[in-house]
1. For the range 118-201, please report how many Lys pairs fall under 22 Å Cα to Cα, leaving out neighbours fewer than 8 apart on the same chain.
2. Send over the Kirkwood Rh of the range 174-244, from the inverse of the averaged 1/r over different Cα pairs, rounded to one decimal Å.
3. Given a Förster radius of 35 Å and the C-beta distance between I357 and K115 as r, what FRET efficiency does 1/(1 + (r/R0)^6) yield to the nearest 0.05?
4. Stretched out fully, how many nm does the piece from I332 to K166 gain, at 0.36 nm a residue minus the Cα gap?
5. Residues in the range 401-420 near a label at R325, defined as backbone nitrogen under 17 Å from the 7 Å Cα→Cβ point?
6. Please state, to two decimals, what the Cα-based radius of gyration of the range 242-282 comes to when divided by 2.2 N^0.38 Å (N = residues).
7. Please report, in Å, the Rg and the Dmax of the range 188-287, where both are computed over Cα atoms only.
8. In whole Å, what are the Cα extents of the range 17-113 along the three principal axes, biggest one first?
Amino acid sequence: GSDEQKSYWLSLIDSQKIIGAYAQTELAHGSDVQSLETEAEWDEKQNIFILRTPSISAIKWWPGELGNLGNVAVVFAKTIVKGKRVGVLPFIVQLRDLETHEVMPGVEIGDIGPKLGYMAKENGYLRFKDIKLPSSSLLSRFWEISKNGELITKGNPKILYSAMMKVRIFLLLASAQALGKSVAIALRYSCLRKQFKDSQKQEIPIISYQLQRYKLFPLLARSFAMLSTYKKIKDIVNQTNIEVKQGIFKNFQETHILLSGSKALFTSWALDGSVICMQCCGGHGYAQSSGIPGIMQTIAPNTILEGENTVLFLQVGQFLLKNARYIKEGKIERVSNHCKYLTQLFESEQLIDTFKIDVSTVNGIISVLEKGVFEQLQYIMETFVTELDGMSMTEAINRKLGVKILELSKLHSFVFTLKYFDEIVQ
C-alpha cells in the first residue's frame with residue numbers, strides 16, 4: 001500500500017479492530033495467478049471499482065482466517081479498465097462491519113469445512129455481487145490508474161514475493177522439526193520395545209535389528225540435513241531481503257529457486273519419513289497417543305501449501321536449463337552461484353564413466369551427484385534439439401520432458417542440501 005493507505009489500515013491492525021485475510025486462490029485457480037477470474041472493473045464516471053465474482057469457479061477458496069474471523073481481505077482481481085484487462089491487482093476490501101461483525105452487503109462468505117491437517121486454521125470462501133469499492137481500495141504502492149484509464153506501474157512489484165519467502169523459510173524449519181520429532185519417538189520406542197528372544201532367551205530390543213536401524217538412522221541424518229540447510233538458506237534469504245530493500249535484485253531469482261527446491265524436497269521428506277516412523281512403531285504408532293499421527297496431520301498440507309511441490313520443482317528445472325544455456329553461450333558471469341559446479345562439467349563435457357571417484361568420502365558422493373545432474377541436463381537439452389524441434393519449452397515440459405525435469409530438479413536440490421549439511425557439519 002501507499003504511505004497513506006498504510007497509515008490508515010495499520011492503525012486499525014495495531015488496535016486489533018481488523019483481522020485480515022489474503023484472498024488470492026480461487027476454486028479453479030491457485031498458482032496460476034494470471035488466470036484468476038474475480039473481476040474489478042473501473043467505473044470512470046463514479047471513480048470506483050465494481051468487484052464481482054463472475055462464476056462458481058471464481059469463488060475465492062482456501063484463504064485462512066476468512067470463514068469466520070476475518071473482517072478485511074486483500075483481494076486479487078483481474079482488473080478491467082475501459083473494457084481492457086490491465087493485470088491482476090490487489091484490492092483491500094472490507095468484508096464485515098467493524099462493530100457488529102455482520103457481513104457487508106454484496107458479500108457472501110463462509111467456512112469451506114473439514115480438511116486434512118491444520119484443523120485450528122479456519123479456511124474460507126468468498127463471493128462478491130457487484131460491490132462498489134472506492135478508488136482508494138487499489139493498493140497503490142506499485143500500481144495506480146491514471147485519469148485517462150492507463151495502468152501506471154511504480155517501483156518493483158517483485159518485492160511482494162519477500163513475504164512468501166518468509167512463509168517458505170518457516171516450512172523448511174517446520175519440516176525438519178516434524179521429521180526430527182517423528183524419528184525421536186520411533187527411536188525411543190525402538191530402544192524400549194522388545195520383540196522375540198535371542199539364544200540366551202532374552203527378549204531383543206527392536207533397535208538391535210538391522211532393518212529397524214536401516215529405516216530410522218537415515219531419517220535421523222536427514223532431519224539434521226534439513227535443519228542445516230534451513231539455517232543456510234535463512235541467511236541467504238535475509239541477505240537477499242536487505243538487497244531488495246536497496247533495489248538490488250541480482251540474487252533474487254536464485255534465492256527463489258533455492259527456496260522452491262528445498263521447500264518441495266523437505267515437505268515431501270517430512271511427510272514420507274513420518275509415515276515410515278509410524279510403521280516402525282507397529283500398531284502403537286497408529287495410536288494418536290504415539291504423537292506421530294498428529295505430526296502427520298499437521299504437515300500433510302505443506303506439500304501443497306505455498307506452491308504445489310511438482311510445480312516448484314519444474315521452476316527449479318527451468319532455472320537449471322537457463323543456467324546451462326548461459327554456460328553453453330559462454331556467459332559464465334550470469335551463472336547462478338549454486339549452479340557454478342555445472343560450469344566445469346559442461347566445459348569438459350566428460351561422461352560419468354570416465355571419472356574415478358572415491359565414493360567413501362562426502363566430496364566423492366557430491367561429485368557423483370553433480371555429474372548426475374549434468375548428465376540429465378545434457379540429455380534434456382539434446383532431446384529438445386533433436387526430437388522436439390519447433391516445440392516451445394513450455395509445451396515440451398508439459399508433453400515430453402516433465403518427468404525428466406522433475407527428477408533433475410530433485411537431484412539438484414538433493415545436491416545443495418548435502419553441500420550445506422556438510423558445510424555445517426565441518
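No lab work stands behind these numbers, since they all come straight from the coordinates. Here the structure is a predicted model, which means the values were calculated and not measured. Quick reminder, even Gly has a Cβ in these numbers, built from the backbone with ideal geometry, and neighbours come from all protein chains shown.
1. Total qualifying Lys-Lys pairs in the range 118-201 comes to 5.
2. 14.4
3. After rounding, the FRET efficiency stands at 0.15.
4. Values: separation 166, 0.36 × 166 = 59.76 nm, distance 3.02 nm.
My answer for the length gained is 56.7 nm.
5. Only 401-402, 405 pass the distance filter.
6. Taking N as the residue count of the range 242-282, the ratio is 1.90.
7. Every Cα atom of the range 188-287 included, Rg and Dmax give 20.7, 72 Å.
8. 37, 32, 19
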